[in-house]
Amino acid sequence: MTSVVNRLQPLSGNRWFIFLFIALLGAACSPKLQPVAVRPVHKEPEKSTNKAQPEKENKPAAPKTPTIALLLPFGLDHLAPGASYTSSSLHEADIALGYYQGFKLALDSLAGQGYNYKLMVYDTRGDKAQAHSFANNPAIRASDMVVGPVFPDDIKAFTGNFTSMRQPVVSPLSPASPSTYKNQQVITMIPPLEYHAWAAAKYIKEKINPEKVFVLRSGFNEENEYLIPLKKAIDSLGKKHIKIITLTVIHGQLNALLPQLTTTGTNVFIVPATDQHFLSITLRALDSLHNAYPITVFGHPNWVNLSFLKAELLQRLDTYITSSDRINYKADNVVAFMRRYRETYHSEATAFAIKGFDEGMYLGRQLSEGNIKNLAQTDFSGLHNDFKFEKKTGLGLINTHVSVYKYANFELKKVE
């Protein structure tokens, strides 16, 4: 998963370009940026040669231009005299800049198709108090859709103070569970971890259907966020016919499991840990067994971001990982987007820029067509992921689309 529950991990970018861009924004306004109206080009109608005067008709009112409030952590306060960006705040600004430019490029694309928007951009500074205060901003309260804030604590502070709201509030980059906010107006764009667990469980049941699965724990409590829904899904889909055997592994010792392993069927191991030391030792221990026992491993979704995990080892262990935002940089549509982004902004698009573009295209169209509260009826295939929404009472709309990938030819290949 590119996105994480708390502060999002940065991607590399042009730091000097970020400083220049944010400095220009800071000179224009603080903390709010000037609204940007995105308007399509209209051709002048040809003059009629018919001199007969038509009867007067009551022309329908022009369609309303939707207003979008975009709340991102640019951190313009770090441009004040005597202040400076820290490494963390600069990373947040990198995320904000990439997402904004991708989102804006999407609205420009829709404008070329005849749609029209008013975009208002606000700097949350990555600060809960600032997000909380924006909930009382009249312009934001009057908008048709709010995109942001980015981080879970900021979203919670914003929605908690945004009482009696009628418009949707989009959580654009965080996979935090919507139960964190308990607000039916929230739209969660990144599938929460529980949907990764269900995708893995479904694949295990439908494609492998083992008699038992082995869960290898490191002992850290944060693993429960993935394990609890995974066990629930396996019990539900397998009608409790699949036995779940849990072992807390110490120093890679797996001997206690040997009497329960099979040499004729597939031994499915679920490893929910992300700790480097634990994984290095435990995966080597599994590797020592794979010649004698058929082994298949299902890893935590964040494994895709762990550079210390080697594709050769993961391929030997027949490893599967779920993901909601894999980007195929060789695909024609991605190549075309990267070229256009480069031509427009003179920089390379980050994964957050691609997310911003996908979400801008999807949400912008649905907002203009009056379907923003009915996303469960309209799926969408984007550059980084598909959107397939479910509406949950009290929790809002949640994107549930998760794919299953397997290591083959030393890279992840989509299998489901």
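Listed values, structure above:
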| read-out | value |
| --- | --- |
| Residues of region 307-324 satisfying the condition of being open to solvent by less than 40 Å² (accessible area, probe 1.4 Å) and part of a loop (DSSP other than H, G, I, E, B) | L309, L317, D318, S324 |
| Filter pass, Q185 being of a type outside the set (D, E, K, R) and either open to solvent by 70 Å² or more (accessible area, probe 1.4 Å) or more than 21 Å from K392 (Cβ to Cβ) (or both) | no |
| Conditions (1) in a loop (DSSP other than H, G, I, E, B); (2) hydrophobic (A, V, I, L, M, F, W, C); (3) touching a residue at least 60 places away in the same chain (Cβ under 8 Å): number failed by I327 | (3) |
| Region 156-205: number of residues that are part of a helix (DSSP H, G or I), in contact with a helix residue (DSSP H, G or I) (Cβ under 8 Å, 6 or more places away or on another chain) and not aromatic (F, W, Y) | 14 |
| Selection count, region 161-171, where residues are open to solvent by less than 60 Å² (accessible area, probe 1.4 Å) and either over 20 Å from F74 (Cβ atoms) or free of Cβ contacts under 8 Å to residues at least 12 places away in the same chain (or both) | 5 |
| Some residue of region 342-365 being within 23 Å of S143 (Cβ to Cβ), assigned to a loop (DSSP other than H, G, I, E, B) and more than 21 Å from the chain's Cα centre (by Cα) | no |
| Filtered residue count, region 325-355, keeping only those that are of a type outside the set (A, V, I, L, M), open to solvent by 20 Å² or more (accessible area, probe 1.4 Å) and under 22 Å from K413 (Cβ atoms) | 6 |
| Qualifying residue in region 139-157 (condition: crowded, with 22+ Cβ neighbours inside 10 Å, within 30 Å of S347 (Cα to Cα) and in contact with a Gly (Cβ under 6 Å, 6 or more places away or on another chain)) | no |
| Pairs with Cβ under 8 Å, 6+ apart, first in region 221-247 and in contact (Cβ under 8 Å) with a residue 60 or more places away in the chain and open to solvent by less than 20 Å² (accessible area, probe 1.4 Å), second assigned to a helix (DSSP H, G or I) and small (G, A, S) | Y226/A197 |
| Flag if K182 is in contact (Cβ under 8 Å) with a residue 60 or more places away in the chain and closer than 20 Å to K414 by Cα | no |
| Some residue of region 98-112 being outside any helix (DSSP H, G or I), hydroxyl-bearing (S, T, Y) and open to solvent by 20 Å² or more (accessible area, probe 1.4 Å) | no |
| Any hit, region 265-288, residues being without any contact (Cβ under 8 Å) to a residue 24 or more places away in the chain, open to solvent by 40 Å² or more (accessible area, probe 1.4 Å), out of contact with any Lys or Arg (no Cβ under 7 Å at 6 or more places or on another chain) and not polar (S, T, N, Q) | yes |
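Each row is one residue, and each column tells you yes or no for (1) among the charged types (D, E, K, R); (2) part of a strand (DSSP E or B); (3) in contact with a His (Cβ under 7 Å, 6 or more places away or on another chain).
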residue: A376; (1), (2), (3): no, no, no
residue: H384; (1), (2), (3): no, no, no
residue: K391; (1), (2), (3): yes, yes, no
residue: I398; (1), (2), (3): no, yes, no
residue: H401; (1), (2), (3): no, no, no
residue: V404; (1), (2), (3): no, yes, no
residue: Y407; (1), (2), (3): no, yes, no
residue: L412; (1), (2), (3): no, yes, no
residue: E416; (1), (2), (3): yes, no, no
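The values are calculated or read from the model by the stated rules, or taken from the named source; none is laboratory data. None of the values given here were measured: they were computed from a predicted structure. As a convention, Cβ positions derive from the backbone with ideal geometry for all residues, glycine included, and neighbour counts pool all protein chains shown. Surface accessibility is based on the protein's heavy atoms, side chains included, excluding ligands, DNA and RNA. Shrake-Rupley method; radii C 1.70, N 1.55, O 1.52, S 1.80 Å.
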